[in-house]
Amino acid sequence: MMGISALFVCLMWALGLFELNSALGLNGAGIKCKLQDTAHPPAFSMDGDYVVGGVFSIHNYMHTVKYNYTTMPEPLRCMGSIDSREVRFSRAMIFAIEEINNSSNLLPGVKLGYHIYDSCASVPMAAHLAFQLANGQDPEFSLGNDHNCSQSGMVMAIVGESGSTPSISMSRVLGPFNIPQVSHYATCACLSNKKQYPSFLRTIPSDQFQANALAKLVKHFGWTWIGAVRSDSDYGNNGMASFLDAAHREGICVEYSESFYRNNPRSKIQRVAEVIRRSTATVIVAFAASGDMRILLEELSREPSPPRQWLGSEAWVTDSQLLRFSFCAGAIGIGIQQAVIPGLRDFLLDLPLTKVSVSPVLTEFWESEFDCRLDQSGATGESLCDGTEDIQTLQSPYTDTSQLRITNMVYKAVYAIAHAFITQCARKLTLQESVLTELKKVSFSQNGYDVSFDANGDPVATYELEFHISRNLTWMEGGTQVPASVCTESCPAGTRKVLQRGKPICCYDCVPCPEGEISNATDSPDCFPCSDEFWPNAERNTCLPKPVEFLSIHEVLGIILAAFSVGGAFLAIITAAVFFHHRTSPIVRANNSELSFLLLFSLTLCFLCSLTFMGAPSDWSCMLRHTAFGITFVLCISCVLGKTIVVLMAFKATLPGRNIMKWFGPQQQRMTVVSFTFIQVLICIIWLVVSPPFPIKNLTTYKERIILECALGSAIGFWAVLGYIGLLAFFCFVLAILARKLPDNFNEAKLITFSMLIFCAVWITFIPAYVSSPGKFTVAVEIFAILASSFGLILCIFAPKCYIILFKPEKNTKKHLMNKNES
């Protein structure tokens, strides 16, 4: 209990509803929270030993709150006309609690209190009230080690809400704290899911039962061509989904299925009404809340449609306010069982002005029903209530107790909670820990009506069938059996139904789903696309994961490139070994052996860095492959550039009176290589810090497969790396051309010139090939460019030297190298 309470306090504090005054002590005491905002006032309240919460949709709309995130938002408040039927529900809850308090059989010596709120049928207000009911209205809340049978201000259970959508939002809040919520009117089948709504129970049956019953009713009369309208809410959407599923199993065709909500623009309501008028189906199944249905029927009454047979859900088909629409006469449907609650009518009519005037809700109700004002704040011309108003003569859903259906659900909910309280204090357990468990076990009879809950928190489904048959029904040709009527056999999964021109909706062709879409149900009206990472199978009845494509080292192309990469690295190592073995020979010494070894080392890295481009991309491999390539190639070109400058300086140094080589000795050569390489390292570091490469799933190049590749991150960084390599290569190429005709017998500048020609040619052709290559071939093109340019450098610069060292040792002499006239 301590852990749950502490969690609740922390959640309240995180939501900004409370201010945490002190930290949790080691002994578990010391948590104190202070209410930051003003609590929403209850519509009705009374203190007691145990407090029962109540939430009803007394108003139908909530004032829209504007948030500017600079000041505290205005409090939530209800608006619009008052729903006298919901006022009756809330007063029925008070009646049941007072009846229990006056009883000597149930909870003797215990007084029940209540806090009843108006949610205005809105999710934000319902969630707000759930938090408030769970915590209470005390200005300060503290948690210690001492817990009595009940805690001040905290409700032990809640009756409500009237709608499914607000009930869902409340249950999300109350469920983690095991605070029981017993709804009298939330019928959405989704609320039977105890994993999502563990503390939710209800005294009204789930919509799943009436959805099945409505489908069987339609089937019973042989209607296979119907229209469907629903509230765009959890109640309507889930209820209609259950009905359509049941209707589909019964072989019923649906011409249209339209949703709407009371807050929709009138244009939306008009569109739904126009669909009903233009339809050819004469039977309409309406799964809608009473307030929503009233809006639609008012729109239909402006321009009457052809005769329609209405089938209604329990939410509206028994609402006496809707009987004023003449075109709904003869509507049939499923209704909650009627009940008789002795003494309730007298309680509802016991409303003296002294009681009305102290309640804002009753005041608004009174003024609305009698069209007068109880105070002087009304507009000019409005009459004041003078006390002669007689509620006994009032014709209103509040006073109509001839069909107590949902009201009885409220009555039963209160009694169920009271029965769960019976053994709590005697067992010395806190209510929060055990009332939910006891509530699930209750089984009793009140006024002749049984009350119990199954494992899903649902009661036994009991309905009344609301229709009358004035004559015997005879089918075509005098038959007594319902005739079969099938126009087209069912379409298999992987196809969709397409209406045949000029024929009813039950007559259709089965058309295969288009590319990229599937249907996984029989008689599917539409195909739907697979998600981005899935693709249909050959039958187009299921979505399979797309094959993932990347340049793998296990495929033929990857093996070939990897072989050349490793082979190139071995070639560089062997060349280095040859040079090292003949390091004292004139040809090695004459061509700057230190830069030659560094060049061979960098070429080895260039060959090996191409391996980082293979395999599935990861964060590290994407960053490594581009930066390693950029740095190693700059190191390589820097060495070639250094060798070219050495050739030029060496020639200039041979002229009389010049000692240029002292300005470009070994130390300066090393600094040149390090400086050029450091600039590339700096570019790569900035690239990785600002916007590094990262792995992505390319879903656009091919529809049917996923390409794993590395995004550049910053394109500027990528092209800066390539551009710097190109700049050094161009500079090296220019210097090599200048030195190509120097009168040395073995002029290394010529070899560098050829290598730079190959290098530049490879990377110039790389750009269009890289841009136009799809998928994994983009990576293959980049690897090919790396390998081609690397092989060009090692073969042009080192192959002639190795040939002389190994096969022409007579030319590997100082005399031969210095003989400028010998060809």
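Can you go through Pro198, Pro205 and tell me which one is out of contact with any His (no Cβ under 7 Å at 6 or more places or on another chain) and over 16 Å from Ala461 (Cα atoms)?
Of the residues listed, the single one that is out of contact with any His (no Cβ under 7 Å at 6 or more places or on another chain) and over 16 Å from Ala461 (Cα atoms) is Pro198.
Which number in (1) modelled with pLDDT of 90 or more; (2) surrounded by 24 or more Cβ atoms within 10 Å (Cβ to Cβ) marks the one condition that Ala289 misses?
So Ala289 meets the others, but not (1).
A quick yes/no check of all residues on (1) modelled with pLDDT under 90; (2) touching a Lys or Arg at 6+ places or on another chain (Cβ under 8 Å); (3) surrounded by 14 or more Cβ atoms within 10 Å (Cβ to Cβ):
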{"residue": "Asp346", "(1), (2), (3)": "no, no, no"}
{"residue": "Asp350", "(1), (2), (3)": "no, no, no"}
{"residue": "Glu364", "(1), (2), (3)": "no, no, yes"}
{"residue": "Cys372", "(1), (2), (3)": "yes, no, yes"}
{"residue": "Ser383", "(1), (2), (3)": "yes, yes, no"}
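When you scan segment 198-225, how many residues do you find that are farther than 23 Å from Ser167 by Cα and outside any helix (DSSP H, G or I)?
Matching residues across segment 198-225 total 5.
Which condition breaks for Glu161 when tested against (1) surrounded by fewer than 24 Cβ atoms within 10 Å (Cβ to Cβ); (2) in a loop (DSSP other than H, G, I, E, B); (3) in contact (Cβ under 8 Å) with a residue 12 or more places away in the chain?
Of everything listed in (1) surrounded by fewer than 24 Cβ atoms within 10 Å (Cβ to Cβ); (2) in a loop (DSSP other than H, G, I, E, B); (3) in contact (Cβ under 8 Å) with a residue 12 or more places away in the chain, Glu161 misses just condition (1).
Scan segment 541-595 residue by residue and report those that are among the polar types (S, T, N, Q) and out of contact with any helix residue (DSSP H, G or I) (no Cβ under 6 Å at 6 or more places or on another chain).
Asn541, Thr542, Thr584, Ser585, Ser593
Please identify the pairs in which a residue from segment 793-820 that is over 24 Å from Thr632 (Cβ atoms) and modelled with pLDDT of 80 or more has its Cβ atom under 6 Å from the Cβ atom of a residue that is assigned to a loop (DSSP other than H, G, I, E, B) and not β-branched (Val, Ile, Thr), counting only partners at least 6 apart or on another chain.
Partner pairs satisfying both residue conditions: Ile804/Asn812; Ile805/His582; Ile805/Asn812.
Can you tell me which of (1) on the phi > 0 side of the Ramachandran plot; (2) at pLDDT 90 or above; (3) not in a loop (DSSP other than H, G, I, E, B) is the one Gly457 doesn't meet?
Unmet for Gly457, out of (1) on the phi > 0 side of the Ramachandran plot; (2) at pLDDT 90 or above; (3) not in a loop (DSSP other than H, G, I, E, B): (3).
Those residues that are without any contact (Cβ under 8 Å) to a residue 12 or more places away in the chain and part of a helix (DSSP H, G or I), I need them from segment 568-594; list them, please.
Phe570, Ile574, Ala577, His581, Arg589
Considering only residues of segment 600-628 that are over 39 Å from the mean Cα position of the chain (by Cα) and surrounded by 23 or more Cβ atoms within 10 Å (Cβ to Cβ), which is nearest to Val673 (Cα to Cα)?
Filtering segment 600-628 for residues that are over 39 Å from the mean Cα position of the chain (by Cα) and surrounded by 23 or more Cβ atoms within 10 Å (Cβ to Cβ), the one nearest to Val673 (Cα to Cα) comes out as Ser602.
Taking Pro304 and the conditions (1) part of a helix (DSSP H, G or I); (2) free of Cβ contacts under 8 Å to residues at least 24 places away in the same chain, which numbered condition does it fall short on, given that it satisfies the others?
Looking at each condition in turn, Pro304 falls short on (1).
So that you can scan it fast, the table gives a plain yes or no per residue for (1) closer than 20 Å to Ile783 by Cα; (2) assigned by TED's automatic domain parsing to the domain that holds Lys808; (3) crowded, with 20+ Cβ neighbours inside 10 Å:
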{"residue": "Ala562", "(1), (2), (3)": "yes, yes, no"}
{"residue": "Ser565", "(1), (2), (3)": "yes, yes, yes"}
{"residue": "Gly568", "(1), (2), (3)": "yes, yes, yes"}
{"residue": "Leu571", "(1), (2), (3)": "yes, yes, yes"}
{"residue": "Ile574", "(1), (2), (3)": "no, yes, no"}
{"residue": "Arg583", "(1), (2), (3)": "no, yes, no"}
{"residue": "Pro586", "(1), (2), (3)": "no, yes, no"}
{"residue": "Glu594", "(1), (2), (3)": "no, yes, no"}
{"residue": "Leu598", "(1), (2), (3)": "no, yes, yes"}
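Here is a list: Ile276, Ile269. Which entry is in contact with a Lys or Arg (Cβ under 8 Å, 6 or more places away or on another chain), modelled with pLDDT of 90 or more and assigned to a helix (DSSP H, G or I)?
The conditions single out Ile276.
Somewhere in segment 297-311, is a residue at pLDDT 80 or above, of a type in the set (Phe, Trp, Tyr), surrounded by 15 or more Cβ atoms within 10 Å (Cβ to Cβ) and within 38 Å of the chain's Cα centre (by Cα)?
Checking segment 297-311: at least one residue is at pLDDT 80 or above, of a type in the set (Phe, Trp, Tyr), surrounded by 15 or more Cβ atoms within 10 Å (Cβ to Cβ) and within 38 Å of the chain's Cα centre (by Cα).
Inspect segment 693-709 for any residue being without any contact (Cβ under 8 Å) to a residue 40 or more places away in the chain and closer than 30 Å to Leu728 by Cβ and give the result as yes or no.
no
Residue by residue, here is whether (1) under 25 Å from Leu217 (Cβ atoms); (2) among the hydroxyl-bearing types (Ser, Thr, Tyr); (3) touching a residue at least 40 places away in the same chain (Cβ under 8 Å) holds:
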| residue | (1), (2), (3) |
| --- | --- |
| Asp245 | yes, no, no |
| Glu255 | yes, no, yes |
| Ser259 | yes, yes, no |
| Asn263 | no, no, yes |
| Ala273 | yes, no, no |
| Arg277 | yes, no, no |
| Gly291 | yes, no, yes |
| Leu300 | yes, no, no |
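Looking at (1) of a type in the set (D, E, K, R); (2) modelled with pLDDT under 85; (3) within 26 Å of Leu394 (Cα to Cα), find the lone condition where Glu99 falls short.
It fails just one condition, (2).
Test each condition in (1) closer than 30 Å to Glu782 by Cα; (2) free of Cβ contacts under 8 Å to residues at least 60 places away in the same chain for Ala538 and report the one that comes out false.
(1)
Sort out which residues of segment 96-123 are part of a strand (DSSP E or B) and among the aliphatic types (A, V, I, L, M), and write them in order of number.
Leu112, Ile116, listed by residue number.
For segment 337-362, which positions are within 30 Å of Ser445 (Cα to Cα) and touching a residue at least 60 places away in the same chain (Cβ under 8 Å)?
Across segment 337-362, the qualifying residues are Gln337, Gln338, Ala339, Val340, Ile341, Pro342, Gly343, Leu344, Phe347, Leu348.
The values are calculated or read from the model by the stated rules, or taken from the named source; none is laboratory data. The structure presented is a predicted model; accordingly, all values stated were derived computationally and were not measured. Every residue, glycine among them, receives a Cβ derived from its backbone with ideal geometry; neighbour counts consider all protein chains shown.
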